[in-house]
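Here the structure comes first, spelled out in structure tokens, and everything after it is commentary.
The values are calculated or read from the model by the stated rules, or taken from the named source; none is laboratory data. Everything quoted here is computed from the prediction, not taken from an experiment. Positions of Cβ are backbone-derived with ideal geometry, glycine not excepted, and every protein chain shown enters the neighbour counts.
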Amino acid sequence: MDIAQEIGLLETAVVSGEWQQAENSVRSLMDHAADNMKFVYLKTAVDKQFNRMDEAIASLRQLISAMPDFAHLYQELANLLIERGDFEEAKALLQKAVELEPEKSELWLSLASVTVTLGEREAAMQALGSARKLLPGDGTVRSTIQTMKMRTPSPCHATGRVVLVSDRPGVREAKISCALRQHGWQVLLLHKVPVPAGFIEYFDQMQPFENAWQAVRDAAAFDAAVTHVFCHMNYVTASAFVTAGLNKVVLDFYDNVDGMLSDAFLDAQSFRRRDAGSERGLAFNADGLICRNLESQYLKANSGGKKLPKRLYFPDYAWAVPLQRPQKLSDLDGELHLVTAGTVWLENETNGNDADIGFQWLAELLEGFKVHLHVYASNVPDGEFAEKMADYIAQENRSKYLHIHKPLRDHDQLLQTLSTYDAVPLIRKSLVFGGSPWQYSENKYRYSYTNKVADCVDAGLSLIVHPQNRHNYGLARRLGMLIPATPELVKKEYWEEALAQAKKHQSSHRGSQSFYTGGEQIHRLIDFYEGVADDVRPTNAYSTTSGG
């Protein structure tokens, strides 16, 4: 079979999505078709499929050098560079692409997206204008241009009014709004997905939005002191607000990406590098940052001389709603009952690469000491529960001490249920038995925060934390509900003492925890809002050189 026929087979495999066959063909052709541009292009598709981004980028550069008049090659290379956060070179490549094929609207829209990310508002407007000429009937393009042309409202905003913006609102948004309203503030929530039924009562007004630019216009019309945008590791909506510059914008990064994910994880999920770049650009150009955790310390330490805007440490605080707490299960059977409720990363979805993923190892350990573990995996859809949790359910069937529960979607019901248990474990397997974490960096464990702290306060639970989880460890100690996770936890005596400590926490007066509630802390957020509203800032809030 000659080279042309082999390349033809490779093309067939790529088109049909038979990637392993395509990979075999690439290996077979590497030594004698490296200069064949059709082979190089097909190899690029295979490299991208198998996440060999360096090789894909090198191949596209080779193709552009040999065939400099093909606009789509510049666009493909730009897309890969965007994933790595190299927006400047991506912009240059897209500028060349629109020179070659100015009639292609998708090239202009890609250029507009990159220039928005870089804070080059005028360039973005020009690119969007070119796209609109090619797509005169496209309402989204027209709406975007109209929004970006809007003048910044008068700096004299109404105090006591705030807009909360969230793609998927949850308990954090509800707690903040509840506390603000108790202090006389008026709250408008702009939301993309529906608000959970149990949280509707906590907002004065709620308004859905279909796209980020609609949300920008609606927020500007409300004329609030500030707009508080929640970023759940998704930066499209936040980027629109910071770019438009129509409101004073404070960003609330639920969890940071930059510096918190390991290099190995970023290599496997390269789109997160783009998220890290977006997050960094937004953080330095917003009017303020509201920090659920301490992860912005990494941004500050690696700022390259740039100054972050005003920051406020504001974790998820407790509701301080008096609970009619039911009897503890441990009072009935004399055995310690641990519970974990929230996101559960499943072992069978990570191929065993991460020593700190999942709870099967912990369930095996606890069974030997007659300690119960109850698991509520809130991230698992109800319709997929049996399939995704199959390994856990099989282990539950073999054990008297592992209990797998359907997730509770109602927050009040969740807190009532949690209050029947004794403690929440925040224990990393790698610190007990060795092994390497894969998803998170050590910065994550140092600076991160779990809303389980607030849940523990509301439900009367203790928290078992390793000292290297510094932030959570310090909070648990300050709140008088800490059970330190020590090397002794592989012994029966440790768990006997843990039960005794949990009982001591349950019997003690928890008045010392009263400071850790939204009602007690909301004055700090109000002061922060007012300070941001009074600040003077440049007209273009999202430029690569600004950021106070």
Residue check, A423 at pLDDT 95 or above and over 21 Å from I464 (Cβ atoms)
no
Among (1) surrounded by fewer than 21 Cβ atoms within 10 Å (Cβ to Cβ); (2) on the phi < 0 side of the Ramachandran plot, there is one condition D455 misses while meeting the rest; what is its number?
(1)
Does N256 satisfy the criteria of being touching a strand residue (DSSP E or B) at 6+ places or on another chain (Cβ under 8 Å) and assigned to a loop (DSSP other than H, G, I, E, B)?
no
Test for I404: is it crowded, with 18+ Cβ neighbours inside 10 Å and assigned by TED's automatic domain parsing to the domain that holds G334:
yes
Which listed residue is more than 30 Å from G511 (Cβ to Cβ), hydrophobic (A, V, I, L, M, F, W, C) and in contact with a Pro (Cβ under 7 Å, 6 or more places away or on another chain), from A301, A268, A286:
A286
As an exercise: evaluate V250 against (1) without any contact (Cβ under 8 Å) to a residue 60 or more places away in the chain; (2) surrounded by 20 or more Cβ atoms within 10 Å (Cβ to Cβ) and give the number of the one condition it does not meet.
(1)
What number of residues within region 409-420 satisfy the criterion of being closer than 25 Å to P467 by Cα and outside any helix (DSSP H, G or I)?
1
In region 318-349, what count of residues is obtained for those that are more than 12 Å from A459 (Cβ to Cβ) and within 19 Å of the chain's Cα centre (by Cα)?
6
Tell me, please, whether a residue that is modelled with pLDDT of 95 or more, farther than 26 Å from N443 by Cα and not in a helix (DSSP H, G or I) can be found in region 514-525.
no
Identify all residues within region 159-188 that are assigned to a strand (DSSP E or B) and either small (G, A, S) or touching a Cys at 6+ places or on another chain (Cβ under 6 Å) (or both); write none if there are none.
G160, S166
Any hit, region 375-386, residues being assigned to a loop (DSSP other than H, G, I, E, B), assigned by TED's automatic domain parsing to the domain that holds K491 and touching a residue at least 60 places away in the same chain (Cβ under 8 Å):
no
